[in-house]
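**Q** The structure's right below; bear with me while I get my questions together.
The values are calculated or read from the model by the stated rules, or taken from the named source; none is laboratory data. Everything quoted here is computed from the prediction, not taken from an experiment. With ideal geometry, Cβ positions are generated from the backbone for all residues, glycine too; neighbour counts draw on all protein chains shown. Surface accessibility is based on the protein's heavy atoms, side chains included, excluding ligands, DNA and RNA. Shrake-Rupley method; radii C 1.70, N 1.55, O 1.52, S 1.80 Å.
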Amino acid sequence: MLSTRNAQETATDAVQIFGGRGITRTGMGRLIEHYHRTVPFDAILGGAEDVLGDLGVRQAVKKMPPTVRL
């Protein structure tokens, strides 16, 4: 979850820094535009962040010994 959020923030910041060049598909901005365009797919392929976070917590609680107090 943290890595996809950081990747999205990095992509947005890069577009802000490069301005108009960051959204062109040619020239200096082509790599930034490609990164900014493909970053959301990583989050989609991983699943909704909230669902994955909930699943992780449920699995951790399920594997806890019954004598542990929360």
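**Q** Tell me the relative contact order for the chain as a rounded percent, counting alpha carbon contacts under 8 Å between residues six or more apart.
**A** Averaging sequence separation for qualifying contacts and normalising by length gives 25 percent for the chain.
**Q** Okay, next question. Just one of [x] 59; [y] 112; [z] 88 is volume of the Cα convex hull per residue in Å³ as worked out from the coordinates here. Which one is it?
**A** [z]
**Q** Between residue 12 and residue 52, what's the calculated FRET efficiency when r is the beta-carbon distance and R0 is 22 Å? Round to 0.05.
**A** For R0 = 22 Å, the calculated efficiency reads 0.55.
**Q** Peptides 24-37, 50-63: what's the order by average Cβ count within 10 Å, highest mean first?
**A** Listed from highest to lowest mean packing, they are 24-37, 50-63.
**Q** On the accessible surface of the chain, probed at 1.4 Å, how many percent belong to carbon and sulfur atoms?
**A** Roughly 61 percent, rounded to a whole number.
**Q** Using only the alpha-carbon atoms, how far is helix 49-62 inclined from the longest principal axis of the chain? Give it as 0 to 90 degrees, nearest 10.
**A** Taking the Cα atoms of the chain, the angle to 49-62 is about 20 degrees.
**Q** Calculate for the chain the 222 nm mean residue ellipticity that helices alone would give, adding -39,500 (n - 2.57) per DSSP H run of length 4 or more and normalising by residue count, nearest 500 deg cm²/dmol.
**A** So the calculated ellipticity at 222 nm is -22500 deg cm²/dmol.
**Q** Tell me the per residue accessible area of the chain using a 1.4 Å probe; a whole number in Å² is fine.
**A** 83
**Q** Counting Lys +1, Arg +1, Asp -1, Glu -1, what net charge surrounds residue 32 among other residues with beta carbon under 11 Å of its beta carbon?
**A** +2
**Q** On to the next question. What is the helix-to-structure angle for 2-18, meaning the angle in degrees between its Cα long axis and the longest Cα principal axis of the chain, kept from 0 to 90 and rounded to the nearest 10?
**A** Approximately 20 degrees, to the nearest ten.
**Q** Let me ask you something else. Which angle from 0 to 90°, rounded to the nearest 10, does the C-alpha axis of helix 30-46 make with the longest principal axis of the chain?
**A** Its long axis makes an angle of about 20 degrees.
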